[in-house]
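Sharing a structure with you now.
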Amino acid sequence: MILLADSGSTKCAWIFVRPADDPISVRTKGINPYYQTTAEIENLITADLVNHIPVKEVKEIYFYGAGCHPESKCAIVRAALKSVFSSASHIEVESDLLAAARALFGKKEGIACISGTGSNTGHYNGSVITDNVRSLGLYMGDEGSGGHLGKLLMSEYMRDALPEDLKSAIEAYTPDRIGEMMDKIYRQPFPNRYLASFAPLYSTHQQHPIIQKLAKESFTKLFDLYIIRYPQHRALPVSFIGSVALSLKEIIYSLAEERKITIGHIERSPAEGLLNYHTKS
């Protein structure tokens, strides 16, 4: 019996697969070993997952997650999984980028992009990621992500640089004001998750010129700092996983067309593709 997991910093999707039965799907909070210890991850799994699946039946685990690179970070997650799922004889912990690539391309070659809470890109040869331009995380990169979009918008808000309609929309969206925002960004855990929580404003106010300007700025950097650095970027399809990419797909298609890049497809989640990869390929 197989347990699949695809985790970003905000949420984690688990799928338990047993022959002849429908898969069991469970969502928990996200897991990221850059922000959580083995004990914290173990506690999260125990509290939010184990009551929903037959733990002792799990024999193989394939966990794909944000922050699961390098090996030292994978080991943090692996130790938590081993502790909870003692009956599992095979546990793999891989990056969320490999999850995106396998879900998007199966065993074919392509350039995979993640655009969710964080962002990442990589060249996939049909088996593994062979090249990765580092995304550098929230404070130094992550362009084209919910965290980066949130950072751009909230920077404008906190500088009092937004027109009144957008300022009012933000203040209706959250009870937080500048003091609370600064505390959550600089002192509380998961600042990327907090900033990404403002990304839905890009969807609900998509026609606003300021929103269009900030979204284009973020995705232009994703294309020009990352995607075009892969030598194969015009020869191979470039595909995206993530709710942010899906909600702003018109901007992605427009920027790709300008650069003569072919977009393969854009999916909200890798769940179905991973399920096919591990059970049907």
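Any read-out appearing in this document is the output of simple, stated calculations on the displayed coordinates, not a laboratory observation. Predicted, not measured: the structure shown is a model, and the values here were computed from it. No Cβ is skipped: glycine too gets one built from the backbone with ideal geometry, and neighbour counts run over all protein chains shown.
Among bridges DSSP assigns within the chain, what percent are antiparallel (round to 5)?
50
Which pairs, out of 216/260; 151/213; 11/280; 11/249; 221/249, put more than 19 Å between their alpha-carbon atoms?
11/280; 11/249
So for the pair residue 22, residue 232, with labels modelled 7 Å out along Cα→Cβ, what separation do we get in nm?
According to this spin-label approximation, the distance is 3.8 nm.
How high is the FRET efficiency between residue 187 and residue 75 when r is their beta carbon distance and R₀ equals 45 Å, given to the nearest 0.05?
Step by step, r from the Cβ atoms, then E = 0.95.
Could I ask something else about it? Rounded to the nearest 5, what % of the DSSP beta bridges within region 1-129 are antiparallel ones?
That works out to approximately 60 percent antiparallel.
Give, in nm to one decimal, the length gained when the segment between residue 167 and residue 60 is fully stretched (0.36 nm per residue of separation minus the Cα-Cα distance).
33.6 nm
So, one more: Would you calculate a helix-derived [θ] at 222 nm for the chain, using -39,500 (n - 2.57) for each DSSP H run of n ≥ 4 and dividing by the full residue count, to the nearest 500?
-12500 deg cm²/dmol
Arranged by the count of other C-beta atoms within 10 angstrom, fewest first, what order do 180, 267 take?
Ranking 180, 267 by Cβ neighbours within 10 Å, fewest first, gives 180, 267.
Further, regarding this structure: I'd like the FRET efficiency for residue 158 and residue 133, computed as 1/(1 + (r/R0)^6) with the beta carbon distance as r and R0 of 22 Å, rounded to 0.05.
With a Förster radius of 22 Å, E is 0.15.
Would you mind getting me the FRET efficiency between residue 260 and residue 213? Use the beta-carbon distance for r and R0 = 25 Å, nearest 0.05.
Step by step, r from the Cβ atoms, then E = 0.60.
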